[in-house]
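Structure first, commentary second.
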Amino acid sequence: MKRMGVLSFQGDVYEHIFAIKKAIKNLGLSMVVNEIKTGDDMNDIDALVIPGGESTTIGKFISIYDMDDKIKEFAVEGKPILGTCAGMILLAKKGDSKNLLGIMNMEIKRNAFGRQRESFETDIDIDNIGKYHAVFIRAPVIKRVWGNCRLMAKLDNKDNKGVMARQDNIIALAFHPELTDDTRIQEYFLKMVVCEELTMKILKNIGMRKNWIYEVIVTTLYNKNPYAAPIGVWTEDFDTIKMCIYRNSTTLGNIIREREFAVNFVDDIGIFYKSLFNKNEIMYENSIVIDASVIKNSTASIELRVKEMVEKREGDGFFIEGEILSVQIRDKIKLINRAECLALESLIYATKINHLPENIKNIREILKENYRIIRKIAPNSEYENIMERLQGSLNLLD
């Protein structure tokens, strides 16, 4: 069972615990939430929340209890951290406060909107979450981010007024999500906590079968803009996704340059058409981890980083293997594998052999080609079995 820890030196500790437990219930998860007061308390947790309060005071306690290195190691190990208000300040590499942990590539300014009486509430738009009513109390602001840190929300649409940022598995907020009844931010964070567990199971859970090739739309980054292309993907171990891409394709160039991509599952054949002939009509939304966008009306999007890239023996393309970074499931997923359609098409052609003797040679070539494709895209399947029986019945087996 996963364990969440809330740093308990100062701030809205119990409000955080209550909100997290509510989010856990909403998601139907099993998870324990503990208070963290010493470095030893961190040994058995899978995620950490650093609450609001007074950043200098919290920073002093972190130093007194020798937790600086513990928290930094926690981040290096890829374990999720959520910092709110003072917690955001402490996570920054640069800012006007002491005892910074220096984990996130961002610069902050304390009390950016004034003191306690200048506290306020307002609606903001958060990437991957949507419109959110945020509570700001003596709030800091993110002046700038760099490297792999990116803004998820800002005020007045200004980059120097960032109020939420994410860097890998670390989230920083200038406001207080624990003071509202809206638990979407806590739920977003919890999904990161269980993400490793989910990604290990996701390919099997959505119905993918080993070595079957599924038709998806792969999105990459091209000149800072999203680029989409239909591609066949497969898995050999349920841990990674593989695909083969032609050497001169734009998608391959994008992946070689950026080393990341997204696999989008769609159930609308019209989106496949647009990805080929009307790319500018595709609707995108921000991804969670990578820079490339994902398709907004896809049933699911999986973000991946290149794990291995091997040139094909024929020299006309590359095999690419991606490791899963993040998963978004929006609706019931319909996997598209061409084997069913090809098998049905073959059965229809088979009925024509006795009625169109002049086309027998052409029909038999079509059936042989369909059989070859099915063996490739759906090996050891019921479709392959049907085609073998059909080929045998028509004396087409070599």
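Brief remarks follow.
- If only residues of the stretch 325-376 that are surrounded by 17 or more Cβ atoms within 10 Å (Cβ to Cβ) and among the hydroxyl-bearing types (Ser, Thr, Tyr) are counted, the one that is farthest from PHE238 (Cα to Cα) is TYR349.
- Evaluation of LYS72 against the conditions (1) more than 17 Å from VAL6 (Cβ to Cβ); (2) modelled with pLDDT under 90 shows that the sole unmet condition is (2).
- Taken over the stretch 277-293, the criterion of being free of Cβ contacts under 8 Å to residues at least 12 places away in the same chain, under 12 Å from PRO226 (Cα atoms) and not polar (S, T, N, Q) is satisfied by GLU281 alone.
- Qualifying residue in the stretch 291-300 (condition: more than 21 Å from ILE256 (Cβ to Cβ), in a helix (DSSP H, G or I), among the β-branched types (Val, Ile, Thr) and not assigned by TED's automatic domain parsing to the domain that holds ASN148): no
- Members of the stretch 301-317 that are touching a Phe, Trp or Tyr at 6+ places or on another chain (Cβ under 7 Å) and part of a loop (DSSP other than H, G, I, E, B): LYS312, ASP316
- Scanning the stretch 210-232 for residues that are charged (D, E, K, R) and in contact with a Leu (Cβ under 9 Å, 6 or more places away or on another chain) returns a single hit, GLU215.
- Only listed residue being more than 24 Å from VAL33 (Cα to Cα), in the same structural domain as GLY52 (by TED's automatic domain parsing) and out of contact with any strand residue (DSSP E or B) (no Cβ under 6 Å at 6 or more places or on another chain), chosen from LYS154, LYS210, LYS158, LYS204: LYS158
- Residue-level analysis places GLY53 outside the set of residues that are at positive phi, assigned to a loop (DSSP other than H, G, I, E, B), within 27 Å of the chain's Cα centre (by Cα) and not charged (D, E, K, R).
- Counted residues, the stretch 135-149 - those being under 20 Å from the mean Cα position of the chain (by Cα) and either within 13 Å of ILE89 (Cα to Cα) or without any contact (Cβ under 8 Å) to a residue 24 or more places away in the chain (or both): 0
- Residue tally, condition surrounded by fewer than 22 Cβ atoms within 10 Å (Cβ to Cβ) and not charged (D, E, K, R), over the stretch 154-166: 3
- When the residues of the stretch 334-366 are filtered to those that are touching a residue at least 24 places away in the same chain (Cβ under 8 Å) and of a type in the set (Lys, Arg), the one that is nearest to SER301 (Cα to Cα) is LYS334.
The values are calculated or read from the model by the stated rules, or taken from the named source; none is laboratory data. Computed from a predicted structure; not experimentally measured. Positions of Cβ are backbone-derived with ideal geometry, glycine not excepted, and every protein chain shown enters the neighbour counts.
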